[in-house]
Amino acid sequence: EAYKHEVVFVKLHEKVMEVVAELYQRLAKTHRMTGSYISSFVPAGAKSEADRQADAYKAYTSCEHFYQEHAIYFDDEVCEKIDAFLKENKTIIIEFNDRKLSDSPTRTWVEVTKNFEANFKTLKQDLEKEFRKKVGVISE
């Protein structure tokens, strides 16, 4: 009986680690794609802005859907951080797209980029710390 419980615990822990790894990968991709979309440096031969926007939104949507289907594996504090990360990412995609409607699109671009860097850095660091605790890389 004890062995059965141990096997169940090990399998559950494996599943949690798979979900953590997959979600982190999707969060990182979302961050990377959004960064590419709003970047002021676009190398020759890069995708069009419309394609970069589509990539950013696709990464965001994929991440959000995965998270919603697996939120049960995370405690409330981590969920709040993930929710904040996703909400901020969506806001940045929308604000960057809407800059074209602004009286000063360049100033709006600069503000969106600053917000992206400042807000994501803190959220990403917090999530990384929480995920490392969950996988046992660092102790609480």
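Below are the figures for this structure:
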quantity: Segment residue 110-residue 9, length gained on full extension (0.36 nm per residue, minus Cα span); calculated: 31.5 nm
quantity: Angle in degrees between helix 105-135 and the longest Cα principal axis of the chain, rounded to the nearest 10; calculated: 10
quantity: Two-site label geometry, residue 40 and residue 137: point separation in nm, points 7 Å out along Cα→Cβ; calculated: 3.2
quantity: Mean separation of Cα contacts under 8 Å, 6 or more apart, over the residue count of the stretch 78-140: relative contact order %; calculated: 40
quantity: For residue 111, solvent-accessible area (1.4 Å; no DNA, RNA or ligand), Å²; calculated: 90
quantity: Using θ = phi - 60° and Karplus 6.51 cos²θ - 1.76 cosθ + 1.60, couplings along the stretch 5-12 (whole Hz; Gly, Pro as x); calculated: 5, 5, 5, 4, 4, 4, 5, 5
quantity: Calculated [θ] (222 nm, deg cm²/dmol) that DSSP helices of n ≥ 4 give over the chain, each run adding -39,500 (n - 2.57); calculated: -29000 deg cm²/dmol
quantity: Helix 76-98 axis, angle to the chain major axis (alpha carbon atoms, nearest 10°); calculated: 20
quantity: From the C-alpha gyration tensor of the stretch 1-108, square roots of 5λ in Å; calculated: 38, 15, 9
quantity: Cα centroid separation - the stretch 23-45 against the stretch 92-124, whole Å; calculated: 14
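The values are calculated or read from the model by the stated rules, or taken from the named source; none is laboratory data. The structure displayed is predicted, hence computed values, not measured ones. Reconstructed Cβ throughout: ideal geometry from the backbone, glycine too, with neighbour counts over all protein chains shown. Accessible surface areas use protein heavy atoms only, side chains included; no ligands, DNA or RNA. Shrake-Rupley method; radii C 1.70, N 1.55, O 1.52, S 1.80 Å.
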